[in-house]
Amino acid sequence: MNDNLILPLLLVTGGIVLLVIGWLKRSKSQFFGTVPLRLTGGLMPDETQFITGTAQSFVKVTAPASRRECVFYLEEVERLQSGYGRHGNSARWVSEGYTPYGAFFLKDMDGGAFVLPGRLGLDLKTPRFSDNEDLLPGMAAAGAIRRTEQIIPEGETVTVLGVPRPLSELMRYLRSGQDFGLPADLVKRLADMEKDPAYARLPCFFGDGLRALTDRPHAEYVEGTAAAGANYLQLGALLLAGGVAALLYMLKSSLPPSDPY
């Protein structure tokens, strides 16, 4: 391949990728516009809806890397992998997996709901913390481990998108034998609540009923998604147009000059 074509092709490829991301975000924001925002006391069964409030929990957890107290954390473990490429030895951090841990009650002016986050659907703005944040691949031996995490602290404003289910379904879900990353004290508290008729209608968001969770207020989340989509579309269009223009210029330059006679 002609080296002169590399940059234009990269611009075209990057532009297409950004356009796709922008289209997906715009589609998501349009969907958000059709979803109602409700108080936890007025949720409808079997319907996708938004709720927003503060995160609270009877049981606090401690994030392993930062040692910060929180109601939930998502930890990513990366391992340094070495290899050999065209330019010699190389090393890069490769993800080994994610561990979500914790759960919380979302409290609003009308009551509350229980939220059990997983890996999917998380959209946290909290800065990531790493136990080896400044450790570059060339500074560590192959096989080195790095842990990175994001947390939801007590009292954080959160917004949830999903379909609520009753506490009884949550408890059946927890008894399915999987490890859901919950403190034993919190599981015991939920089991006690299950026996109390007052909690029979407690709305719970978990599993595939939890479509999105963010640590932003509802309006900021919806407007931010729309703005991000517009930015990706604009930048993608600029890169694509620039790449196509460069390719056409090079194609024209490669043609033999026309005979004026």
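The values are calculated or read from the model by the stated rules, or taken from the named source; none is laboratory data. Values in this document were obtained by computation on a predicted structure and should not be read as measured data. Ideal geometry is used to build each Cβ from the backbone, glycine not excepted, and the neighbour counts take in all protein chains shown.
A compact table of results
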{"quantity": "Of the criteria (1) exposed (fewer than 15 other Cβ atoms within 10 Å of the Cβ); (2) more than 21 Å from SER57 (Cβ to Cβ), which one VAL163 fails", "calculated": "(1)"}
{"quantity": "Qualifying residue in region 228-240 (condition: buried (at least 16 other Cβ atoms within 10 Å of the Cβ) and touching a Ser or Thr at 6+ places or on another chain (Cβ under 6 Å))", "calculated": "yes"}
{"quantity": "Residue in region 170-177 that is in a loop (DSSP other than H, G, I, E, B) and in contact with a Leu (Cβ under 8 Å, 6 or more places away or on another chain) present", "calculated": "no"}
{"quantity": "Where PRO64 falls short, out of the listed (1) at pLDDT below 95; (2) closer than 20 Å to GLU156 by Cα; (3) not in a loop (DSSP other than H, G, I, E, B)", "calculated": "(3)"}
{"quantity": "Residue in region 221-237 that is within 30 Å of VAL17 (Cα to Cα) and either over 26 Å from the mean Cα position of the chain (by Cα) or part of a strand (DSSP E or B) (or both) present", "calculated": "no"}
{"quantity": "Residues of region 193-214 classified as under 24 Å from the mean Cα position of the chain (by Cα), part of a helix (DSSP H, G or I) and surrounded by fewer than 17 Cβ atoms within 10 Å (Cβ to Cβ), total", "calculated": "1"}
{"quantity": "First in region 92-121 and within 30 Å of SER82 (Cβ to Cβ), second anywhere and part of a loop (DSSP other than H, G, I, E, B) and charged (D, E, K, R), Cβ under 8 Å, 6 or more apart", "calculated": "TYR98/ARG119; PRO100/ARG119"}
{"quantity": "Residue tally, condition under 30 Å from GLU169 (Cα atoms), under 23 Å from the mean Cα position of the chain (by Cα) and not in a loop (DSSP other than H, G, I, E, B), over region 30-59", "calculated": "11"}
{"quantity": "Cβ pairs under 6 Å, 6+ apart, first in region 227-246 and farther than 14 Å from THR13 by Cβ, second not polar (S, T, N, Q)", "calculated": "ALA228/LYS25; GLY229/GLY22; GLY229/LYS25; GLY229/ARG26; TYR232/LEU18; TYR232/ILE21; TYR232/GLY22; LEU233/GLY22"}
{"quantity": "Which listed residue, of LEU247, LEU190, is part of a helix (DSSP H, G or I) and in contact with a strand residue (DSSP E or B) (Cβ under 8 Å, 6 or more places away or on another chain)", "calculated": "LEU190"}
{"quantity": "Residue within region 168-179 that is of a type in the set (D, E, K, R), within 30 Å of SER66 (Cβ to Cβ) and without any contact (Cβ under 8 Å) to a residue 12 or more places away in the chain present", "calculated": "yes"}
{"quantity": "Test: LEU120 is in a loop (DSSP other than H, G, I, E, B), at negative phi, aliphatic (A, V, I, L, M) and modelled with pLDDT under 95", "calculated": "yes"}
{"quantity": "Qualifying residue in region 82-91 (condition: modelled with pLDDT under 90 and within 24 Å of the chain's Cα centre (by Cα))", "calculated": "no"}
